[in-house]
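Beneath this line is the structure, given in structure tokens, with notes to follow.
The values are calculated or read from the model by the stated rules, or taken from the named source; none is laboratory data. All values derive from a computational prediction rather than experimental measurement. With ideal geometry, Cβ positions are generated from the backbone for all residues, glycine too; neighbour counts draw on all protein chains shown.
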């Protein structure tokens, strides 16, 4: 799943920095177990002048179908 998230974000935003971390191990026993808990840190010129809430919406749009089939939780740091 990390590879797919990374590939989609790279194709959509051509980031200068991108980190995708699987944090599922931090959520054992938590609702949604079995689906992934991920953290994304992304820096891209595509976000220049864009408000943080819009950046998050842009990322969610790219990952939309994964939210139902593999991602339970996603934390985002987009600059």
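Only residues that are modelled with pLDDT of 95 or more, crowded, with 17+ Cβ neighbours inside 10 Å and closer than 16 Å to residue 4 by Cβ were counted across the range 34-73, and they come to 4. Of everything in the range 21-33 that is in a helix (DSSP H, G or I) and farther than 17 Å from residue 6 by Cβ, the residue that is modelled with the lowest pLDDT is 27. Would you pick out the residues in the range 1-10 that are out of contact with any helix residue (DSSP H, G or I) (no Cβ under 8 Å at 6 or more places or on another chain) and either crowded, with 16+ Cβ neighbours inside 10 Å or without any contact (Cβ under 8 Å) to a residue 24 or more places away in the chain (or both)? The answer is 3, 6, 7, 10.
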